[in-house]
Amino acid sequence: MQLAQQVNRITIPRPDDWHIHLRDGALLRTVTPLAAAQFGRAIVMPNLTPPVTTAPAATAYRERILASLPPLVTGGATTPPPFSPLMTLYLTSTTSVEDIAAAAAAPHIVACKLYPAGATTNSASGVRSIDGLWPVFEAMAAADLVLCVHGECADPDVDVFERESAFVRDDLPRLVAAFPTLRVVLEHVSTRDGVAAVTNQAPGGRLAATVTAHHLLYSRAALFRGGRLRPHLFCAPVLKAESHRASLVEAVMGDTSGRFFLGSDSAPHVRASKLGEGGAAAGVYSGRDTLALYAEVFEAAGGEEWVAKFTRFASVNGAAFYGLPPPDGTVTLVRGDYPVPLVVEVVGGGGVTDDASVVVPLRAGEMVHWRVEAAEG
Ligand SMILES: [Zn+2]
């Protein structure tokens, strides 16, 4: 019977988050320690204001990330394991092959991020058409830098629920065909069309996808639950119909190619940016409980092998795709009912009543059913 097989503790190789937004300043100092408590490495997105478009800017940002972590207490039993941010450049219409060469020469820069202009938070500098970037993609392929793609068509006339499908239909095939040696990650895949592009690629294809916890857990109905608009679940790409969510779960659970891996797209905004007159900024803050949320998905849908599937998705596939060593150390998750606070306070902010000083985490006021117990380096 099912209950007899229930596990209450799992220990897996320390996972990596292949897509995270850590922001900057006080918000950076707030969310980075929570990421570092769960992950050994993370690919940090470059959509700051202004965006991170050069290797020196990425290196400086990496130093700010590392400085946001509590100092290591060496020798103590509670020493947190090291956290290594992996950096990305933000591609613009003025990115040059020299910028790519500088990125390839920088030890911690592993990828460049393609944003369609206007698709999401701080994407105004993004690219209107991928055609102008052909020399850049060529240089990236030659340098073996990974291309991370926000795969949504930027045409405002295209229906918001159709934008990923339009990109996958109109842009992705010619990109992949033109640069067969370029590794491409379709970030935060949210549709069955995106899943199919990854699953049905030709043998030897170099297309992979990250999948967020929120796109695995929620369909667009959750945005309107109880007849109320839920701004904290608004993200880009927007949550899709249930049939799309189901296709994501099926693809991840059935993945034998190693082409689907963990990328939380945790994207914190202070509450003022979610509730203000200007409208809700796109982004779900899942980073407080990332591993718990994913574990829930795998336990519910992964069958008897769910821990093995979770391990491959969280701790194996991404490093293999990026050509990086397997993780160091382990992380242990413990089952329970753990309440998620209504807000995460921004360090040095004005307290819980100040909308500019709090972030509302995914599941705020509800429960998650796993938590990270301990990590070993
Ligand atoms: Zn993102």
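The values are calculated or read from the model by the stated rules, or taken from the named source; none is laboratory data. It should be emphasised that the depicted structure is a prediction, and the values quoted were computed from it without experimental measurement. Positions of Cβ are generated from backbone atoms using ideal geometry, with glycine treated the same way; all protein chains shown enter the neighbour counts. These accessible areas exclude ligands, DNA and RNA; they are computed on the full protein's heavy atoms, side chains included. Shrake-Rupley method; radii C 1.70, N 1.55, O 1.52, S 1.80 Å.
Whenever a residue of region 269-291 is in contact (Cβ under 8 Å) with a residue 12 or more places away in the chain, its partners that are of a type in the set (S, T, N, Q) and in a loop (DSSP other than H, G, I, E, B), lying with C-beta atoms within less than 6 angstrom and at least six residues away or across chains, give the pairs 281/121; 282/120; 282/121; 283/121; 286/264; 290/38; 290/264; 291/38.
Comparison of 167, 234 shows that the only residue that is under 30 Å from residue 276 (Cβ atoms) and surrounded by 23 or more Cβ atoms within 10 Å (Cβ to Cβ) is 167.
Residue under question is residue 121, and the condition is that it be of a type in the set (S, T, N, Q) and over 21 Å from the mean Cα position of the chain (by Cα); does it hold? Taking the combined requirement at face value, the residue does not satisfy it. One residue stands out in region 100-121 among those that are open to solvent by 50 Å² or more (accessible area, probe 1.4 Å) and touching a residue at least 40 places away in the same chain (Cβ under 8 Å): the one that is nearest to the ligand (Cβ to nearest atom), namely 108. Candidates 124, 141: the one that is in contact with a Leu (Cβ under 6 Å, 6 or more places away or on another chain), open to solvent by 10 Å² or more (accessible area, probe 1.4 Å) and aliphatic (A, V, I, L, M) is 141.
Residue count for region 299-354 satisfying the condition of being among the charged types (D, E, K, R), surrounded by 15 or more Cβ atoms within 10 Å (Cβ to Cβ) and assigned to a helix (DSSP H, G or I): 3.
Contact map, region 39-51: residues that are more than 12 Å from the ligand (Cβ to nearest atom) paired with residues that are acidic (Asp, Glu) and assigned to a loop (DSSP other than H, G, I, E, B), Cβ distance under 7 Å, separation 6+ or inter-chain. Pairs shown: 40/328; 48/24. Residue 295 falls short on exactly one of the conditions (1) touching a helix residue (DSSP H, G or I) at 6+ places or on another chain (Cβ under 9 Å); (2) in contact (Cβ under 8 Å) with a residue 60 or more places away in the chain; (3) open to solvent by less than 20 Å² (accessible area, probe 1.4 Å); (4) within 16 Å of the ligand (Cβ to nearest atom), and that condition is (4). Of everything in region 2-29 that is part of a helix (DSSP H, G or I) and open to solvent by 10 Å² or more (accessible area, probe 1.4 Å), the residue that is farthest from the ligand (Cβ to nearest atom) is 4.
The residue pairs whose first member lies in region 131-160 and is under 14 Å from residue 92 (Cα atoms), whose second member is among the hydroxyl-bearing types (Ser, Thr, Tyr) and more than 15 Å from the ligand (Cβ to nearest atom), and whose beta carbons are closer than 6 Å, counting only pairs six or more residues apart or on different chains, are 132/93; 136/95. Pairing residues of region 176-188 that are within 22 Å of residue 163 (Cβ to Cβ) with residues that are more than 16 Å from the ligand (Cβ to nearest atom) and in a strand (DSSP E or B), at Cβ distances under 7 Å and at least 6 apart in sequence or on separate chains, gives 176/207; 184/207; 186/207. When residue 135 is tested against (1) open to solvent by 40 Å² or more (accessible area, probe 1.4 Å); (2) modelled with pLDDT under 95; (3) over 28 Å from residue 38 (Cβ atoms), exactly one condition is not met: (2).
Kindly list, by first and then second residue, each pair from a residue in region 213-225 that is within 13 Å of residue 188 (Cα to Cα) to a residue that is aromatic (Phe, Trp, Tyr), limited to pairs with Cβ atoms under 6 Å and residues at least 6 apart or on different chains. Listed by first residue and then by second, the contacts come to 213/294.
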